[in-house]
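Participant: My questions all concern the structure below.
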Amino acid sequence: MAKYYEGVIRDRDSEPAEIRKALVNLGREFGRVLAGMLCLEPAVVVTPLDEECSTLKLRDDLTVVVTTKADLELFGRVLAESLEPALVGFMDFEGRRGLEALESPVREIELPATRGRKVTNLVIAKSVLATGCTAISLTQTALNAYQPERILIASLFYSITGINELAAEFPTAEYLVLGEADRLDGNGMLHPGVGLIEKRIQI
């Protein structure tokens, strides 16, 4: 279904409600994959018949998901629902992109308090990763706040340039992406792309 939802988002004729639904469904799919990567470990339980059975159990590792304000409700929070326990934060770039997002002051930052708990996993959730600038700002701010053991960057639509820029800044980061990379033009737009998704989802 991921390919279908990708097509809905790319289609210029899709209605805002259709795009929003597709983003939510992809967020759920990404969340399930991330849960397998970050939250589960092998375990053995004893059944009511007093027999051992191999299964999985939840780790008690705290995950923080950080996203943009534009991605918060339809991607970041949805993705985080599958990660237990998880906290969600965001940064508001007011629609700025590229170097402007990296160099300009952030309008609003809301990072959740961990109440003294160690953050094991930091997930940066960004539906569109053209250049790496916005994701670099998100990651560096969250990294300074939490000092996590593991960084994972999740993106639906991305370019190799964006991934390479992030890898240069955060060499130990891991990536979860959807399908093949888009091309990046001189204006920082992806091709075939999805346009300005934050405007396309407005109802």
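Just so it is clear, none of the values below were taken in a lab; they were calculated from the coordinates. Just so you know, these numbers come straight off a predicted model, no measurement behind them. As a convention, Cβ positions derive from the backbone with ideal geometry for all residues, glycine included, and neighbour counts pool all protein chains shown.
Participant: Ranked from highest to lowest mean number of other Cβ atoms within 10 Å per residue, what is the order of the peptides 191-198, 149-156? Present the calculation step by step, with values, prior to reporting the outcome.
Facilitator: Working: 191-198: 14.5, 149-156: 21.2.
Listed from highest to lowest mean packing, they are 149-156, 191-198.
Participant: Further question: Pairs to check: LYS21/LYS126; LYS21/LYS57; LYS21/LYS69; LYS69/LYS118. Give those whose C-alpha atoms are more than 20 Å from each other in this structure. Show your work: numbers first, answer last.
Facilitator: Working: LYS21/LYS126 16 Å; LYS21/LYS57 30 Å; LYS21/LYS69 18 Å; LYS69/LYS118 25 Å.
Pairs exceeding the cut-off: LYS21/LYS57; LYS69/LYS118.
Participant: Then there's this: Exposure proxy check: ARG20, ARG59 ranked by fewest other beta carbons within 10 Å?
Facilitator: Ranked by crowding around the Cβ, least crowded first: ARG59, ARG20.
Participant: For the peptides 112-124, 66-78, 6-18, what is the packing order when you average, over each peptide's residues, the other Cβ atoms within 10 Å and list the highest mean first? Before the final figure, lay out the partial values.
Facilitator: Details: 112-124: 16.6, 66-78: 23.2, 6-18: 14.0.
Going by the mean number of other Cβ atoms within 10 Å, highest first, we get 66-78, 112-124, 6-18.
Participant: GNM, the chain, Cα, under 10 Å: largest mean-square fluctuation among LEU129, LEU79, LEU49?
Facilitator: LEU49
Participant: Going by how many other Cβ atoms sit within 10 Å of their own, how do TYR146, TYR158 line up, fewest first?
Facilitator: Details: TYR146 23, TYR158 27.
Arranged by neighbour count, lowest to highest, TYR146, TYR158 become TYR146, TYR158.
Participant: On to the next question. With viscosity set to 0.890 mPa s and temperature to 25 °C, compute the Stokes-Einstein D of the stretch 1-49, Rh being the Kirkwood radius across alpha carbon pairs; µm²/s, no decimals.
Facilitator: Details: Rh = 13.1 Å.
Result for D is 188 µm²/s.
Participant: Another question about this same structure. Considering only the chain, what is the antiparallel percent among its DSSP beta bridges, to the nearest 5?
Facilitator: On the way: 12 of 37 bridges.
Roughly 30 percent of the DSSP beta bridges within the chain come out antiparallel.
Participant: Applying the Karplus parametrisation 6.51 cos²θ - 1.76 cosθ + 1.60 with θ = phi - 60° to the phi angles of the stretch 5-13, what ³J(HN,Hα) value in whole Hz is obtained for each residue in order, glycine and proline being reported as x?
Facilitator: Taking θ as phi minus 60°, the curve returns 5, 4, x, 4, 5, 6, 5, 5, 8 Hz for the stretch 5-13.
Participant: Expressed as a rounded percentage, what relative contact order does the chain have, with Cα pairs under 8 Å and six or more residues apart?
Facilitator: Details: 374 pairs, mean separation 38.4, N = 203.
Result for the chain is 19 percent.
Participant: For GLU174, enumerate residues with amide H under 5 Å from its amide H, sequence gap 5+ or separate chain, H modeled in the peptide plane.
Facilitator: Amide H to amide H, under 5 Å and 5 or more residues apart or across chains, GLU174 pairs with ILE151, LEU152, ILE153.
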